There are 2 protein chains.
Amino acid sequence: MEFQLEHALEILSRTPATVSAMLRGVSGEWARNNEGPESWSPYDIVGHLIHGEETDWIPRAKIILEHGDSKPFEPFDRFAMFEKFKGASLEKLLGRFAQRRQQSLDALQQMNLTPDKLARKGTHPELGAVTMKQLLATWVVHDLGHIRQIARVMAKQYAEAVGPWKAYLSILSE
Amino acid sequence: MEFQLEHALEILSRTPATVSAMLRGVSGEWARNNEGPESWSPYDIVGHLIHGEETDWIPRAKIILEHGDSKPFEPFDRFAMFEKFKGASLEKLLGRFAQRRQQSLDALQQMNLTPDKLARKGTHPELGAVTMKQLLATWVVHDLGHIRQIARVMAKQYAEAVGPWKAYLSILSE
């Protein structure tokens, strides 16, 4: 698929409801278990998604609009949520994510992203030249990647409980 | 995690809302594109989930309760949805899945699955000896596996649109 803003918004606007449907009200075992040392639980992933809203996607889009490729993006701290949201309940994080995502979508709309603006270039600190369109497509894929990660982390809690069916369930060996 | 019926029900009862949050109202491009030849679109996956409700999970649980391991399960047709739901809208399939899942959960409750019943053995046509608990854990992991598949299929539609960010997005190379 070629990038189209309307298509991207379809996914970006759905992610908070998807993540809430998966996680709101689940037991601590589902929310807080991870895939082993150095891996993330669904709870951690929601914190990471919030931090992206607050420091990554819209701030980078603004840098492109205001500075083009003359000012590289700030590097994104992928682990900030461990300190930033320490002690917050999962329910609180889900609410904050939905709120922050709505603010991001409002900010996007205010940017009035014409085809010209979508083609504008920015500078990623590691990847180099990127475009506004690529940034927004990445935001969509990043959402979907973490939805898939939440599903995988939860599935792996039952890796032994499924017994011989393990052979048929490829999510358990990802 | 050890299998617990309450934990399994938390996931099984959430899946229709999760799948609806991801897919209800999305463009045909998101719903109907797949990962290439012989692969499934999100639309196909919803059909597969319905067919599981109608012919697989509860019918197998009933065979275990009624016949133990003396009667092997019917093999499950993983491709039945291509003919069975031909021409149905995505919205219709999402509604049918939610309805069928609720019927499955009602049937489960009527089975009054005590620890003794959860430990009962059945016979899988290929895998051999399995238990009721393993069947129900597999149902949970199967749900999560298809949620992750829907996310992956949609993400891959933007494999090129993300440009150089592709290197960071592991979901695109799964």
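The set of residues from the stretch A:101-140 being over 14 Å from A:Leu9 (Cα atoms), more than 8 Å from every other protein chain (Cβ to nearest Cβ) and hydroxyl-bearing (Ser, Thr, Tyr) comprises A:Thr114, A:Thr123.
Please find, within the stretch A:106-159, the residue that is surrounded by the fewest Cβ atoms within 10 Å (Cβ to Cβ) out of those that are over 13 Å from B:Ile171 (Cα atoms) and hydroxyl-bearing (Ser, Thr, Tyr). Across the stretch A:106-159, the extreme among qualifying residues is A:Thr114. For the stretch B:54-75, the tally of residues that are part of a loop (DSSP other than H, G, I, E, B), in contact with a Pro (Cβ under 9 Å, 6 or more places away or on another chain) and open to solvent by 50 Å² or more (accessible area, probe 1.4 Å) stands at 2.
Of all the numbered requirements in (1) surrounded by fewer than 16 Cβ atoms within 10 Å (Cβ to Cβ); (2) within 17 Å of B:Lys92 (Cβ to Cβ); (3) not charged (D, E, K, R), B:Pro37 misses one, and that requirement is (2).
From the list B:Ala107, B:Ala137, which residue is in a helix (DSSP H, G or I) and farther than 30 Å from A:Gln149 by Cα? First the steps, then the outcome.
Values: B:Ala137 fails: farther than 30 Å from A:Gln149 by Cα.
The unique qualifying residue is B:Ala107.
Residues in the stretch B:1-52 that are over 29 Å from B:Leu113 (Cα atoms), assigned to a helix (DSSP H, G or I) and at the interface with chain A (Cβ under 9 Å from one of its Cβ atoms): B:Ala21, B:Met22, B:Leu23, B:Glu29, B:Trp30. Out of curiosity, is B:Phe97 surrounded by fewer than 20 Cβ atoms within 10 Å (Cβ to Cβ) and not in a loop (DSSP other than H, G, I, E, B)? No; evaluated as a whole, the condition is false for this residue.
Determine, yes or no, whether A:Ser170 is away from every other protein chain (no Cβ under 14 Å), at pLDDT 95 or above and either touching a Pro at 6+ places or on another chain (Cβ under 6 Å) or surrounded by fewer than 16 Cβ atoms within 10 Å (Cβ to Cβ) (or both).
No, not satisfied.
Only residues that are free of Cβ contacts under 8 Å to residues at least 12 places away in the same chain and closer than 22 Å to B:Ala8 by Cα were counted in the stretch B:67-94, giving 0. Give the residues of the stretch B:141-165 that are more than 7 Å from every other protein chain (Cβ to nearest Cβ), among the aliphatic types (A, V, I, L, M) and part of a loop (DSSP other than H, G, I, E, B), sorted by residue number. Within the stretch B:141-165, just B:Ala159 meets the criteria.
The values are calculated or read from the model by the stated rules, or taken from the named source; none is laboratory data. For clarity, every value in this text was computed on a predicted model and none was experimentally measured. Glycine gets a Cβ as well: all are built from the backbone with ideal geometry, and neighbour counts include every protein chain shown. Quick note on the areas: whole protein, heavy atoms, side chains included, nothing else; ligands and nucleic acids left out. Shrake-Rupley method; radii C 1.70, N 1.55, O 1.52, S 1.80 Å.
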